[in-house]
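Structure record follows, encoded as structure tokens.
The values are calculated or read from the model by the stated rules, or taken from the named source; none is laboratory data. Bear in mind the structure is a predicted one, so any value in this text is a computation, not a measurement. Here Cβ is always computed from backbone atoms with ideal geometry, including for glycine, and neighbour counts include all displayed protein chains.
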Amino acid sequence: MLSQQQLNAYWMPFTGNRDYKAAPRVVASASGMYYRDQDGREILDGTAGLWCVPLGHSHPTVVKAVQDMVATLDYAPAFQIGHPAAFELAEQLIDYTGNAFGQVFYTNSGSEAVDTALKMVLAYHRSRGEGQRTRFISRERGYHGVGFGGMSVGGLPANRKQFGNLLGGVDYLPHTHNLEKNAFSRGLPEYGTHLADELERLVALHDASTIAAVIVEPLAGSAGVILPPKGYLQRLRNLCDKYGILLIFDEVITGFGRMGTPFAFNYFGVEPDLMTTAKGLTNGVVPMGAVFSKPAIYDALMQGPAGIELFHGYTYSGHPLACAAGLASLKVFKEEKVLEHAQSMTAYWEDALHSLKGLPHVIDLRNVGLIGAIELESIAGKPGARAMAVYKKAFAEGVLIRTTGDIIALSPPLILEKKHIDVLFGKLSEILKNVD
Ligand SMILES: Cc1ncc(COP(=O)(O)O)c(C=O)c1O
């Protein structure tokens with residue numbers, strides 16, 4: 001049992017602290033598809049932690065690699081010095097993208113990856129004599145972490161309103177969520193491809209010569225699983241090419257198998273210039289993020305006088321433990337054919353999710369890869385309350401889900417089996433029938 005002092009001492013992130021501390025939910029251990037609480041009660045992980053444990057918890061290969069590394073090289077500075085695992089991982093990551101990128105820059109989180117990518121873009125344009133390209137275009141309802149850069153290009157009002165003016169020079173594409181046209185779509189929605197053309201309007205307004213980059217999540221996760229309409233990302237790519245604007249895909253949740261492909265860009269067949277990742281990179285075991293860049297971006301900065309080319313980096317960039325976890329995770333992805341397994345589950349997953357159609361409060365179900373969303377009608381005047389009630393009930397009944405407003409987002413470890421899908425949707429179905 002946690003004491004009142006302990007509860008009070010921990011200021012919890014993205015949590016209703018008072019509500020939580022009145023009735024804490026605690027996990028004490030985890031393996032495979034399950035968390036366990038302090039009494040050993042199993043909780044099925046319907047969300048892979050925070051989308052970050054694709055291989056399941058405490059995978060022995062990853063655990064062993066981290067144990068070995070901590071006993072060998074506990075820490076190495078990343079400035080002006082390196083260690084073998086950092087280079088090996090970079091090479092293997094590039095290979096995992098099918099050589100779509102040339103370089104990897106390590107950070108410690110998705111937020112830092114986003115801020116790093118934004119800084120790289122500015123430095124790139126400046127190095128090519130286009131230093132006036134400083135504007136970023138992102139999208140309403142986007143989530144790009146909580147650094148000032150990521151928050152500024154983020155499009156979730158609650159994440160912005162407490163924090164002042166943020167970065168200037170950001171404009172926003174409309175989001176693509178449209179229940180009237182797309183409710184209960186299976187896979188990518190048909191309606192909304194034209195929304196990418198809003199970039200033309202923003203280019204006309206600001207002039208292309210002032211725009212540095214467009215940053216979007218290929219699939220918006222934190223906003224509650226908003227899928228790109230068919231052809232939307234390709235249109236954005238084409239427009240960016242037309243105007244010399246760089247395209248950044250924030251793949252912090254979609255990277256490392258979530259769509260059944262290594263990255264979402266593989267799934268959509270649309271390559272960005274920069275890609276931000278984190279989470280599944282180390283199976284969530286050690287914090288790490290990575291920015292992937294096209295060779296042209298790196299090469300542009302490798303000009304000029306010798307010396308530091310990019311004044312940016314973190315004390316823990318390329319931490320040996322994170323690199324060990326990353327290398328081991330890639331090994332597991334390949335050797336255990338995790339993506340093939342994920343793909344073999346998606347049809348069953350889709351059917352199970354859509355079997356909830358017609359249950360009380362359910363106004364939309366949507367899915368792609370091993371991602372699902374259940375959108376509930378909000379209780380008048382209490383947005384988010386209904387989904388939160390489902391969340392609490394599910395946890396009490398041994399299932400971990402995630403909510404954003406009144407949207408339930410599901411993103412299980414990719415190793416799940418049909419029996420887990422049955423339990424997850426079976427429980428949710430019962431709860432939805434009984435929740436107010
Ligand atoms: C698309 C996207 N970008 C950035 C982040 C921030 O990552 P982190 O929480 O590791 O800073 C997240 C986190 O969920 C995310 O989904």
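Every listed requirement among (1) in contact with a Leu (Cβ under 6 Å, 6 or more places away or on another chain); (2) farther than 25 Å from S111 by Cα; (3) surrounded by 19 or more Cβ atoms within 10 Å (Cβ to Cβ) is met by K230 save one, (3). Just one residue in the set D115, D197 is of a type outside the set (K, R) and within 16 Å of the ligand (Cβ to nearest atom); that residue is D115.
For residues that are part of a helix (DSSP H, G or I) and under 14 Å from L247 (Cα atoms), scanning just segment 118-152, find the one that is farthest from the ligand (Cβ to nearest atom). Full working, then the answer.
Filtering segment 118-152 for residues part of a helix (DSSP H, G or I) gives 118-127, 148-152.
So of that shortlist, the ones also under 14 Å from L247 (Cα atoms) come out as 118-122, 124-125.
Working: L118: 12, K119: 15, M120: 16, V121: 16, L122: 19, Y124: 20, H125: 22 Å.
Looking at residues that are part of a helix (DSSP H, G or I) and under 14 Å from L247 (Cα atoms), I get H125.
Of the residues that sit in segment 354-374 and are over 24 Å from P54 (Cβ atoms) and in a strand (DSSP E or B), which one is nearest to the chain's Cα centre (by Cα)? That would be D364. For segment 48-82, the set of residues classified as surrounded by fewer than 24 Cβ atoms within 10 Å (Cβ to Cβ) and within 16 Å of the ligand (Cβ to nearest atom) consists of G49, L50, C52, listed by residue number. State whether one or more residues within segment 254-267 are buried (at least 24 other Cβ atoms within 10 Å of the Cβ), away from the ligand (no atom under 16 Å from the Cβ), modelled with pLDDT of 95 or more and among the polar types (S, T, N, Q). The answer is no; no qualifying residue exists. Taking first residues from segment 153-170 that are within 27 Å of Q132 (Cβ to Cβ) and in contact (Cβ under 8 Å) with a residue 60 or more places away in the chain and partners that are among the polar types (S, T, N, Q) and surrounded by 13 or more Cβ atoms within 10 Å (Cβ to Cβ), the Cβ contacts under 6 Å between residues at least 6 apart in sequence or on separate chains come to V153/S138. Just one of the listed residues (K294, K279) is basic (K, R), under 27 Å from L233 (Cα atoms) and within 16 Å of the ligand (Cβ to nearest atom), namely K279.
The residue that is surrounded by the fewest Cβ atoms within 10 Å (Cβ to Cβ), counting only those in segment 377-436 that are part of a strand (DSSP E or B) and over 25 Å from the mean Cα position of the chain (by Cα), is K382. Taking the condition on the phi > 0 side of the Ramachandran plot, of a type in the set (G, A, S), more than 15 Å from the ligand (Cβ to nearest atom) and surrounded by fewer than 15 Cβ atoms within 10 Å (Cβ to Cβ), does G98 pass? Taking the combined requirement at face value, the residue satisfies it.
Among the residues of segment 302-326, the ones that are part of a loop (DSSP other than H, G, I, E, B) and surrounded by 10 or more Cβ atoms within 10 Å (Cβ to Cβ) come to 11 in all.
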